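K.L.:
Supplied in structure tokens, the structure appears directly below.
The values are calculated or read from the model by the stated rules, or taken from the named source; none is laboratory data. All figures in this text were calculated on a predicted structure; none of them were measured in a lab. Here the Cβ is made from the backbone with ideal geometry for all residues, glycine too, and neighbour counts use every protein chain on show.
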There are 2 protein chains.
Amino acid sequence: MIKKAHSLVQKIGPGMPGRGENIRLAFEATGTPYTDVSNENKEGINDVLAQISADNVGDANNPPPLAPPILKHGEKILISQSPNILFYLGPKLNLVPNTDEDPVGIYHVNALALTALDGLSNEAHDTHHPIATGDYYEDQKSEALKKAKDYRANRLPKFLGYFNRVLKGEASKGGEYLYGGQLTYADLVFFQCLNGVTHAFPKAVARMRESGDYDLAFALYDRVKGLDKIKAYLESDRRQKYSLGIWRHYPELDDE
Amino acid sequence: MIKKAHSLVQKIGPGMPGRGENIRLAFEATGTPYTDVSNENKEGINDVLAQISADNVGDANNPPPLAPPILKHGEKILISQSPNILFYLGPKLNLVPNTDEDPVGIYHVNALALTALDGLSNEAHDTHHPIATGDYYEDQKSEALKKAKDYRANRLPKFLGYFNRVLKGEASKGGEYLYGGQLTYADLVFFQCLNGVTHAFPKAVARMRESGDYDLAFALYDRVKGLDKIKAYLESDRRQKYSLGIWRHYPELDDE
């Protein structure tokens, strides 16, 4: 297990919960020390910018990363892409089933995390930027209104229904967590992404909670939110506030 | 190594190269027998539909999959999500560096594959369906024209430039393949996704090839396409034709 203070140095976008927040939660949930370089000092931000610069070709061990989050582990290892970082950290942080007892479990956890990222992070981002990631929201607002309407009517119910169904399934071992009867990083990703979606679409999410159609999914959300270490983190000043990132609250994109 | 005939049964969407095509290429490139159930018989399609039904809660070992592709390995293991299936198959098919000699290599390969899927598959799909996945192209054509314009102007150059840069980097060990001087599944995913993008946007891709700005990336594309087993597969009737899937050719979305 990696438990040495600061042996895991995380490089992530500053100032708000974004893709890197899934990684932060993995560290926080397990009480693993980490350095959040881009939120802790100015130099850290420059370090991340140098990594994602169009001039960076990586080094002898590491291809260049396209974008944050980037995990630095020790002096030589740099790993990018959120689900990939979680896959790397999962066994080290005991956030996947024991790979000797259940060698396939880690792949199920990975599939669940990828699906949460698809539906509750990537698609949620696209509701406010359906046309061009590099342009302003205001320049694609009419399209965003349409995209968000479809997201609330079709996509969000589809994904919440899916996770509710996973929790009904026998492989969840009782429906307390998504897989194997234990907290895994898939639960943390599901929580974080739905937390972001709740920030973006508070009325739509309240409506879906009240419908009773997704009770197991919302119970999981509440369960993760109430874990001692997660609760303490969410109440700490290490937890950033949502802003103009993946999950944005534009009232006009939510239910009326 | 898994080499028994039909020990790997792949369940994928029928009739055209889609997300599952990345998995087919991994089998084809390594001469690994597989059963492509949804393209081989009617029962196979029903089998896939039962898996992704809103009533399916999985079984004792496997959570339900949200969508194809789904890999069935042996009698008990079902794995979903394309990058996850590739991560699972990579070491078994020798499509990642030897994990004893380079334990981190598989994560670099995974990051590269995820990035190719993000930029050349998911975003390519969204050019023709920017508003609602469940609606017709014709009902979101005006938005698609804008999205495709941004894709050709900004996103495609960004991703091709990224892979070109990866090939310049030392970690590629010479620039013949993306990582570690050997064919990995990241190369196959890059090839397949750029092949799909070339089907969708033949003029834009020809322009980018002629620019000379992405020579290493296009050389990799040509190299993979020319591998004996890939070449034979592409010329066989196992390779389906593109149709109304992820990569669609609408001339109005391409360069003029």
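K.L.:
How many residues are closer than 20 Å to A:N164 by Cα, in a loop (DSSP other than H, G, I, E, B) and more than 7 Å from every other protein chain (Cβ to nearest Cβ) if we restrict to region B:66-98?
P.N.:
2
K.L.:
For region A:69-89, state whether one or more residues are more than 22 Å from B:Q81 (Cβ to Cβ) and either of a type in the set (S, T, Y) or in the same structural domain as A:Q192 (by TED's automatic domain parsing) (or both).
P.N.:
no
K.L.:
Identify all residues within region B:154-181 that are within 25 Å of A:G134 (Cα to Cα) and facing chain A (nearest Cβ under 9 Å); write none if there are none. Break it down stepwise before answering.
P.N.:
We begin by selecting, within region B:154-181, every residue within 25 Å of A:G134 (Cα to Cα); these are B:154-166.
Matches in region B:154-181: B:N154, B:R155, B:K158, B:F159, B:G161, B:Y162, B:R165, B:V166.
K.L.:
Shifting gears a bit: Looking only at region B:200-215, count every residue that is part of a helix (DSSP H, G or I), touching a residue at least 40 places away in the same chain (Cβ under 8 Å) and surrounded by fewer than 19 Cβ atoms within 10 Å (Cβ to Cβ) and tell me the total.
P.N.:
Looking only at that region, the number is 4.
K.L.:
Another question about this same structure. Considering each residue of region A:106-137, count those that are surrounded by fewer than 21 Cβ atoms within 10 Å (Cβ to Cβ) and either in contact with a strand residue (DSSP E or B) (Cβ under 7 Å, 6 or more places away or on another chain) or among the aromatic types (F, W, Y) (or both), and give that number.
P.N.:
Selection size over region A:106-137: 2.
K.L.:
Related question: Regarding region A:105-115, can at least one residue be identified that is facing chain B (nearest Cβ under 10 Å) and under 23 Å from A:H249 (Cα atoms)?
P.N.:
The answer is yes, given that some residue of region A:105-115 is facing chain B (nearest Cβ under 10 Å) and under 23 Å from A:H249 (Cα atoms).
K.L.:
If we keep just the residues of region A:99-111 that are of a type in the set (A, V, I, L, M, F, W, C) and in a helix (DSSP H, G or I), which is farthest from B:D118 (Cα to Cα)? Walk me through how you get there before you give the answer.
P.N.:
So the first thing to find is which residues in region A:99-111 are of a type in the set (A, V, I, L, M, F, W, C), and the list is A:104, A:106, A:109, A:111.
Within this subset, residues satisfying the condition of being in a helix (DSSP H, G or I) are A:106, A:109, A:111.
Numbers: A:I106: 22, A:V109: 20, A:A111: 16 Å.
Top of the filtered list is A:I106.
K.L.:
As an exercise: evaluate B:A132 against (1) within 7 Å of another protein chain (Cβ to nearest Cβ); (2) under 22 Å from B:A206 (Cβ atoms) and give the number of the one condition it does not meet.
P.N.:
(2)
K.L.:
Report yes if some residue within region A:112-127 is outside the structural domain of A:N22 (by TED's automatic domain parsing) and part of a loop (DSSP other than H, G, I, E, B); otherwise report no. Walk me through how you get there before you give the answer.
P.N.:
First pass over region A:112-127, keeping only residues outside the structural domain of A:N22 (by TED's automatic domain parsing): A:112-127.
Next cut, part of a loop (DSSP other than H, G, I, E, B) only: none.
There is no residue in region A:112-127 that is outside the structural domain of A:N22 (by TED's automatic domain parsing) and part of a loop (DSSP other than H, G, I, E, B).
K.L.:
Please enumerate the residues belonging to region B:51-65 that are surrounded by 24 or more Cβ atoms within 10 Å (Cβ to Cβ) and assigned to a helix (DSSP H, G or I).
P.N.:
none
K.L.:
(1) of a type outside the set (F, W, Y); (2) assigned by TED's automatic domain parsing to the domain that holds B:R152; (3) part of a helix (DSSP H, G or I); (4) touching a helix residue (DSSP H, G or I) at 6+ places or on another chain (Cβ under 9 Å): which one isn't true of B:A232, the others all being true?
P.N.:
Only one criterion is unmet by B:A232, namely (2).
K.L.:
Looking only at region A:31-48, which residues are within 19 Å of A:R239 (Cβ to Cβ), surrounded by fewer than 16 Cβ atoms within 10 Å (Cβ to Cβ) and without any contact (Cβ under 8 Å) to a residue 60 or more places away in the chain?
P.N.:
Hits for region A:31-48 are A:P33, A:E40, A:N41.
K.L.:
For A:L178, state whether it is at negative phi and buried (at least 22 other Cβ atoms within 10 Å of the Cβ). Show your work before the answer.
P.N.:
Working: at negative phi: yes; buried (at least 22 other Cβ atoms within 10 Å of the Cβ): yes.
Spelling it out, A:L178 is indeed at negative phi and buried (at least 22 other Cβ atoms within 10 Å of the Cβ).
Conditions tested, residue by residue: (1) closer than 30 Å to B:Y250 by Cα; (2) of a type in the set (G, A, S).
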| site | (1), (2) |
| --- | --- |
| B:Q81 | yes, no |
| B:N94 | no, no |
| B:D102 | no, no |
| B:A144 | yes, yes |
